[in-house]
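This report refers to the structure that appears directly beneath it.
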Amino acid sequence: MKISLIDSNENRILQNDIIRKIRDLINSKNLERGEKLPSERVISEKINVKRNHIKEAIKRLEFYGVVKSISQSGTFLSIGLTGFNGIVEEILTIDSPSFIELAETRISLELKTVALASKRRTEEDLIRIENTLKAFELKITNGKDYLEEDLLFHLAIAKASKNNTMLSVMLLIIPPILDTYERDAVCDGDQVLSEINKHKDIYLAIKAKDTKKAEEMMQKHFFKLSKFIENKKT
């Protein structure tokens with residue numbers, strides 16, 4: 001089951017209610033770390049909720065690392081009750097991230113990935129980045145929407161960082177960025193052509209293994225987006 005950062009309010013309310021009931025059930029049994037949760041069927045019967053909703057809620061708990069599902073064995077508590085209750089309380093208060101929050105996270109992450117990529121990139125990475133750059137340039141010069149090609153360019157950089165955690169976070173935040181994308185946050189009209197040169201400068205800095213230049217070019221690339229975020233928060 002796919003985990004999304006963005007859910008409808010109705011689905012999130014339902015999930016949160018189920019998670020509260022699962023939490024209460026776990027506490028009533030005083031489970032310890034490593035102990036098995038009741039089966040989805042048993043939980044479904046006890047809290048009177050359909051099994052597909054139980055499965056979705058457990059997947060969400062597993063996403064945050066508080067339980068672990070093992071095929072053919074069941075679902076187990078990954079941490080002690082104190083930690084479990086504390087993390088679940090935080091899970092229940094998390095709202096779907098806004099475009100501003102997603103963009104802010106992306107900028108912070110990409111400044112780090114581009115620095116690592118400039119140090120760790122291979123020739124294969126350079127080919128991948130260059131190919132996404134060409135696809136990005138083609139979309140812009142043909143006057144077509146280029147957002148997905150832009151994101152693939154940045155994903156190629158994240159892959160070149162050789163940090164799978166950072167790449168995973170990038171993969172996690174890209175779909176909701178596409179869903180909540182605000183066109184005013186990037187260059188429009190004639191200015192969009194300058195984005196080609198900015199992307200090329202990032203690529204060339206990575207190719208030259210010039211970490212300082214790579215970070216500088218990435219900051220320049222995100223300048224308007226950073227200002228957009230700053231203005232929205234003031």
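The values are calculated or read from the model by the stated rules, or taken from the named source; none is laboratory data. In this text, all values refer to a predicted model and were calculated from it rather than measured experimentally. Cβ sites come from the backbone with ideal geometry, for glycine too, and all protein chains shown count toward neighbours.
Scanning segment 139-173 for residues that are outside any helix (DSSP H, G or I) and at negative phi yields 142, 144, 145, 146, 161, 163. Condition check for residue 75 on (1) in contact with a strand residue (DSSP E or B) (Cβ under 8 Å, 6 or more places away or on another chain); (2) among the polar types (S, T, N, Q); (3) part of a helix (DSSP H, G or I): one failure, at (3). Would you confirm whether any residue within segment 99-108 is under 30 Å from residue 217 (Cβ atoms), small (Gly, Ala, Ser) and surrounded by 16 or more Cβ atoms within 10 Å (Cβ to Cβ)? Yes, there is a match, as at least one residue in segment 99-108 is under 30 Å from residue 217 (Cβ atoms), small (Gly, Ala, Ser) and surrounded by 16 or more Cβ atoms within 10 Å (Cβ to Cβ).
Scanning segment 110-127 for residues that are more than 11 Å from residue 206 (Cβ to Cβ) and surrounded by 14 or more Cβ atoms within 10 Å (Cβ to Cβ) turns up 110, 111, 112.
Every residue, every condition in (1) over 13 Å from residue 19 (Cα atoms); (2) free of Cβ contacts under 8 Å to residues at least 24 places away in the same chain; (3) among the β-branched types (Val, Ile, Thr); (4) surrounded by 13 or more Cβ atoms within 10 Å (Cβ to Cβ), yes or no:
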| residue | (1), (2), (3), (4) |
| --- | --- |
| 59 | no, no, no, yes |
| 69 | yes, yes, no, yes |
| 76 | yes, no, no, yes |
| 81 | yes, no, no, yes |
| 89 | no, yes, no, no |
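Report, ordered by the first and then the second residue, all pairs with beta carbons closer than 6 Å, sequence separation of six or more or different chains, a first member in segment 148-172 that is more than 13 Å from residue 119 (Cα to Cα), and a second member that is of a type in the set (S, T, N, Q) and assigned to a helix (DSSP H, G or I). If the second residue must be of a type in the set (S, T, N, Q) and assigned to a helix (DSSP H, G or I), the pairs left are 152/132; 153/132; 156/132; 166/113. Given (1) touching a helix residue (DSSP H, G or I) at 6+ places or on another chain (Cβ under 8 Å); (2) not assigned by TED's automatic domain parsing to the domain that holds residue 155, where does residue 35 come up short, assuming only one miss? The number of the failed condition is (1).
Just wondering, is there one or more residues in segment 135-150 that are at pLDDT below 95, surrounded by fewer than 19 Cβ atoms within 10 Å (Cβ to Cβ) and within 17 Å of the chain's Cα centre (by Cα)? Yes: segment 135-150 contains one or more residues that are at pLDDT below 95, surrounded by fewer than 19 Cβ atoms within 10 Å (Cβ to Cβ) and within 17 Å of the chain's Cα centre (by Cα).
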